[in-house]
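J.: Dropping a structure here in structure tokens format, bear with me for questions.
The values are calculated or read from the model by the stated rules, or taken from the named source; none is laboratory data. Nothing here was measured: the structure is a model prediction, and the numbers come from that model. With ideal geometry, Cβ positions are generated from the backbone for all residues, glycine too; neighbour counts draw on all protein chains shown.
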Amino acid sequence: MLLEPECFKRQCKNYTGVIQPDGTEMTETNACKAYPAGIPADIAYGTDKHLRVRSDQGNRIIFEGG
């Protein structure tokens, strides 16, 4: 079970939920439109509020409040 990510707590419109890349709980991670394969830990659980596009994402999606 994952901790509740900051982007969910902040009600980001781009948060899409928990994914299981291999179909098991062992690989559970949080996903969003900016990071469909998994939100980096410093955004999900750290202090980066993802207010600017980062070099490690393949799109220009950032935090968008609900």
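J.: Got a number for residues in the range 1-15 being in a helix (DSSP H, G or I) and out of contact with any strand residue (DSSP E or B) (no Cβ under 7 Å at 6 or more places or on another chain)? Reasoning before the result, please.
T.: Taking the range 1-15 first, the residues in a helix (DSSP H, G or I) are 6-9.
Subset that is out of contact with any strand residue (DSSP E or B) (no Cβ under 7 Å at 6 or more places or on another chain): 6, 9.
Looking only at that region, the number is 2.
J.: Right, here's the next one. Just one of the numbered conditions (1) surrounded by 12 or more Cβ atoms within 10 Å (Cβ to Cβ); (2) in contact (Cβ under 8 Å) with a residue 24 or more places away in the chain is not true of residue 11; which one?
T.: Going through (1) surrounded by 12 or more Cβ atoms within 10 Å (Cβ to Cβ); (2) in contact (Cβ under 8 Å) with a residue 24 or more places away in the chain one by one, residue 11 breaks only (1).
J.: A follow-up question, please. Test residue 60 against the stated conditions and say whether it is more than 10 Å from the chain's Cα centre (by Cα), basic (Lys, Arg), at pLDDT 95 or above and more than 17 Å from residue 10 (Cα to Cα). Let's see the steps before the verdict.
T.: Values: more than 10 Å from the chain's Cα centre (by Cα): yes; basic (Lys, Arg): yes; at pLDDT 95 or above: yes; more than 17 Å from residue 10 (Cα to Cα): yes.
Yes, satisfied.
J.: For residues in the range 16-46 being part of a strand (DSSP E or B) and without any contact (Cβ under 8 Å) to a residue 24 or more places away in the chain, which is surrounded by the most Cβ atoms within 10 Å (Cβ to Cβ)?
T.: Just the residues of the range 16-46 that are part of a strand (DSSP E or B), to begin with: 16-19, 29-32.
Retained after the next criterion (residues that are without any contact (Cβ under 8 Å) to a residue 24 or more places away in the chain): 16-19, 31.
On the way: 16: 14, 17: 8, 18: 14, 19: 15, 31: 19.
Restricting to residues being part of a strand (DSSP E or B) and without any contact (Cβ under 8 Å) to a residue 24 or more places away in the chain, the top hit is 31.
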